[in-house]
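All remarks here apply to the structure that follows.
Every number in this text was worked out from the coordinates using simple rules, so none of it is lab data. Since the structure is predicted, the reported quantities are computational estimates derived from the model, not experimental observations. With ideal geometry, Cβ positions are generated from the backbone for all residues, glycine too; neighbour counts draw on all protein chains shown.
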Amino acid sequence: MPPLPLLARLWEMVLHAKNVFLSPTTPIAVKIVLGLGLFYTLSPYDLIPEWVPVFGVMDDLALAALLIAWANNFRIPKS
């Protein structure tokens, strides 16, 4: 499978996660979980420090992937 369709699908998922976060119909608990997950991913303080080979970055990527996949389960009503 060529990487371009895969990257396009990933980008669609990221945009949908952003729209879920910004939607006024999204429950506040979902917004809190997404916001805290984003904060953890971008924070310099991690469960596994970045200087640990492979695993230092892996925890951030895994959390980001899980949050994006979770946010894609929510449907936003069309206006």
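Taking only pairs six or more apart or across chains, which ones have beta-carbon atoms under 7 Å, a first residue in region 63-79 that is in contact (Cβ under 8 Å) with a residue 12 or more places away in the chain and hydrophobic (A, V, I, L, M, F, W, C), and a second residue that is in a loop (DSSP other than H, G, I, E, B) and surrounded by 11 or more Cβ atoms within 10 Å (Cβ to Cβ)?
Phe74/Thr26; Ile76/Ser23
Out of (1) part of a helix (DSSP H, G or I); (2) surrounded by 12 or more Cβ atoms within 10 Å (Cβ to Cβ); (3) hydrophobic (A, V, I, L, M, F, W, C); (4) within 14 Å of the chain's Cα centre (by Cα), the odd one out for Phe74 is which?
(1)
Give the number of residues within region 38-65 that are under 12 Å from the mean Cα position of the chain (by Cα) and either within 26 Å of Lys78 (Cβ to Cβ) or in a loop (DSSP other than H, G, I, E, B) (or both). Write out each step before concluding.
Looking only at region 38-65, we keep the residues that are under 12 Å from the mean Cα position of the chain (by Cα), and these are 38-42, 60-65.
Imposing the further condition that a residue be either within 26 Å of Lys78 (Cβ to Cβ) or in a loop (DSSP other than H, G, I, E, B) (or both) reduces the set to 38.
Going through region 38-65 one residue at a time, the tally reaches 1.
Under 6 Å by Cβ, and 6 or more places apart or on different chains, what pairs join a residue from region 30-45 that is surrounded by fewer than 16 Cβ atoms within 10 Å (Cβ to Cβ) with one that is not hydrophobic (A, V, I, L, M, F, W, C)?
As it stands, the answer is Thr41/Asp60, since those pairs meet every condition given.
Considering only region 5-29, how many residues are in contact (Cβ under 8 Å) with a residue 12 or more places away in the chain, β-branched (Val, Ile, Thr) and assigned to a helix (DSSP H, G or I)?
Number satisfying all stated conditions: 2.
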